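One structure is given below, encoded as structure tokens.
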Amino acid sequence: MFRSLAGVNYRIWAAGALVSNVGTWMQRTAQDWIVLTQLTHNNASAVGIVMALQFAPQLLLLPVTGWAADHLDRRCLLMLTQGLMGLLGLGLGVLTVSGSVQLWHVYLFALALGVVAAFDAPARQTFVSELVAGPNLSNAVALNSASFNAARLLGPAVAGLLVAAVGAGWVFLINAATFGAVLLSLMTLRKEKLYRSERAKRSRGGLVDGFRYVRRRPDLVVILVMVFLIGTFGLNFPIFISTMSVSVFHQGAGEYGLLSSIMAIGSVAGALLSARRERPRVSMLFAGAAFFGAGCAIAAVMPTYWLFAIALIIIGISSQTLMTTANGTVQMTTDPVLRGRVMAIYMAIFMGGTPIGAPIVGWVADAFGPRWAMGVGAASGFAAALVGVFYLVKYRGMRVRFTGLRPRVVLTPREEAREELEEAEATATRAS
């Protein structure tokens, strides 16, 4: 489960990233809380706008960010983006501590953070391939996800306590300081032990090569469609959890932070279970989507705070199983020369759908109630699962046969689909 930690560079990176991730979750929790309770009167649409501004640049800057991840030194690029993100946290913290912060300030900082994160995300995702040997890439991706969600266990709970005790501004300042940990880890990596891959050559068609490559790969297309549906309408946890906590269960900042931490229990479990598998399995994508839909549906009807919290664990396990498997599959089966651009497309679809979905989900929460907003998340999970079933039937020849009264799923790929799958497997082998 933890085999990637055998490499010294990955250990250094993981330690710095864990500290920074705790700070990131603290800031997210405090930011959503002040928008919902201090800068507006429980306005879920305002939280949705903040999320939209923070994630829109992932989509708008897609050609440039993918090009940067494939052509520039990823370590240097990450040092720049992580430093800028720390400065943005510092700026928002100073405004909040001084009592000068207004809603438009949060909007502006969210947009600036989104621009920097648009360059950071594909570089950070693909940088993992330089830290571990090819066969351990899937494991490293899963452990990265586990680290991110382990921080989610601690960050929101600490943020909730600090917001109640000293105010949100100090949470932002602490987050700014945590970026020093990841910068230190990047500076102390052993360069001679990095697994450098071939850099993409500059060409006129370089920006669209990633799109052409994905278009020829139906297995990648179906993953991106599933990620779009759930990322756009399902992964709006700041809206789901904050509105259910405040408007339905009438809880305070501490209880709100605790809900995010409880869901992270499931997220860590899902990521670690993915880390145990030698290779990501496509079947786990479809199972994860179906269970995510079921988890959101169950959470939507829970009558008490603690039953809702338990349902969040199901959502955490299923969403993390889906996203970790999707990320690992895309990275392991993509030509290394195009990996940065393909991962930029993946991250743009994963996060770039938020500007579409978050305001819609926020409006549903305001107009019809938070439980109906959870219902939108449930629908996205079931829709993604149906997309997966369609792919299995069309490209993998999925059929249900009965042995007596016992149903059995059989896969018999068409010849064209088999050739595409073999090409994907060959790509994964070359990458390893």
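The values are calculated or read from the model by the stated rules, or taken from the named source; none is laboratory data. The model shown is predicted, which means the values in this text are computed figures rather than measured ones. For neighbour counting, all protein chains shown are included, and Cβ atoms are generated from backbone atoms with ideal geometry for every residue, glycine included. Heavy atoms of the whole protein, side chains included, go into the accessibility calculation; ligands, DNA and RNA do not. Shrake-Rupley method; radii C 1.70, N 1.55, O 1.52, S 1.80 Å.
Exactly one residue out of 40, 65, 24 is in contact (Cβ under 8 Å) with a residue 12 or more places away in the chain and open to solvent by less than 20 Å² (accessible area, probe 1.4 Å), and it is 65. Filtering region 21-56 to residues that are in contact with a Ser or Thr (Cβ under 8 Å, 6 or more places away or on another chain) and not aliphatic (A, V, I, L, M) leaves 21, 23, 24, 25, 29, 32, 33, 42, 54, 55. Would you say residue 180 is open to solvent by less than 20 Å² (accessible area, probe 1.4 Å) and of a type outside the set (A, V, I, L, M, F, W, C)? No; evaluated as a whole, the condition is false for this residue.
Just checking, does region 234-247 include any residue being open to solvent by 20 Å² or more (accessible area, probe 1.4 Å), without any contact (Cβ under 8 Å) to a residue 12 or more places away in the chain, part of a helix (DSSP H, G or I) and not basic (Lys, Arg)? Within region 234-247, none of the residues are open to solvent by 20 Å² or more (accessible area, probe 1.4 Å), without any contact (Cβ under 8 Å) to a residue 12 or more places away in the chain, part of a helix (DSSP H, G or I) and not basic (Lys, Arg). Looking only at region 365-395, residues that are more than 22 Å from the chain's Cα centre (by Cα), under 20 Å from residue 314 (Cα atoms) and open to solvent by 40 Å² or more (accessible area, probe 1.4 Å) come to 2 in all.
Residues in region 284-307 that are surrounded by 19 or more Cβ atoms within 10 Å (Cβ to Cβ), closer than 25 Å to residue 387 by Cα and either touching a strand residue (DSSP E or B) at 6+ places or on another chain (Cβ under 9 Å) or not small (Gly, Ala, Ser) (or both): 6 in all.
Matching residues to (1) within 24 Å of residue 295 (Cβ to Cβ); (2) modelled with pLDDT of 90 or more; (3) of a type in the set (Ser, Thr, Tyr):
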{"residue": "333", "(1), (2), (3)": "no, no, yes"}
{"residue": "339", "(1), (2), (3)": "no, no, no"}
{"residue": "342", "(1), (2), (3)": "no, no, no"}
{"residue": "356", "(1), (2), (3)": "yes, no, no"}
{"residue": "362", "(1), (2), (3)": "yes, no, no"}
{"residue": "368", "(1), (2), (3)": "yes, yes, no"}
{"residue": "373", "(1), (2), (3)": "yes, yes, no"}
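The number of residues in region 141-164 that are of a type in the set (Val, Ile, Thr) and surrounded by fewer than 24 Cβ atoms within 10 Å (Cβ to Cβ) comes to 1. Only one entry of 281, 217 meets the criterion of being free of Cβ contacts under 8 Å to residues at least 60 places away in the same chain, charged (D, E, K, R) and in contact with a helix residue (DSSP H, G or I) (Cβ under 9 Å, 6 or more places away or on another chain), and that entry is 281. Of the residues making up region 195-227, just one is modelled with pLDDT of 80 or more, in a loop (DSSP other than H, G, I, E, B) and either among the aliphatic types (A, V, I, L, M) or open to solvent by less than 80 Å² (accessible area, probe 1.4 Å) (or both), namely 217.
Annotation note: of 63, 57, the sole residue that is modelled with pLDDT of 85 or more and within 23 Å of the chain's Cα centre (by Cα) is 57.
For region 248-283: of the residues being outside any helix (DSSP H, G or I) and open to solvent by less than 50 Å² (accessible area, probe 1.4 Å), which is modelled with the lowest pLDDT? The residue in question is 280.
Being in a helix (DSSP H, G or I), surrounded by fewer than 17 Cβ atoms within 10 Å (Cβ to Cβ) and at pLDDT 80 or above holds for only one residue in 78, 113, 87, and it is 87.
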